[in-house]
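In what follows, a structure is listed as structure tokens, so that the remarks can point back to it.
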Amino acid sequence: MTESVAKTTDTGVQTASLTRVSGRPWKSLKKPTNRTMMAKSLRRSHEQRMQQDRDQKSLKLMEKELRDEKEAEKTALRNRIVERRKKLQEKVQREAFEAKMSERKRMRMKRKELRQRAHAKH
């Protein structure tokens, strides 16, 4: 909202045109924080407050980087586990297929041998 001086009507009610008041007459005007009411030991200059803000922002940025790095490590570990399981599954399937093929080959050899014995009898 914009700040401006509230107009007071002859009845003593403030109008809400361009003020920081909600427009309800029982609400008081909002004023900026008066820092002079604070004890001198608690007051800080604008530069000090801005420096503290910069320090906090840099700290939050560093924390975010650490969290992102940790999350990336977790994701990489998860991906390695998934890949390992996938390779193991493929290996099991390949071995089952090769066993099936070798069984078929044994059956073919057996039939061939039986045919040869049958021809040998004649």
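The values are calculated or read from the model by the stated rules, or taken from the named source; none is laboratory data. Because the structure is a prediction, the values reported are computed rather than measured. Here the Cβ is made from the backbone with ideal geometry for all residues, glycine too, and neighbour counts use every protein chain on show. These area figures cover heavy atoms from the full protein model, side chains too; ligands, DNA and RNA do not enter into them. Shrake-Rupley method; radii C 1.70, N 1.55, O 1.52, S 1.80 Å.
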Test for GLN89: is it at pLDDT below 95 and either loosely packed, with under 10 Cβ neighbours inside 10 Å or over 30 Å from the mean Cα position of the chain (by Cα) (or both): no
statement: Within segment 23-45, the count of residues that are at pLDDT 75 or above and either touching a helix residue (DSSP H, G or I) at 6+ places or on another chain (Cβ under 6 Å) or open to solvent by less than 100 Å² (accessible area, probe 1.4 Å) (or both) comes to 6
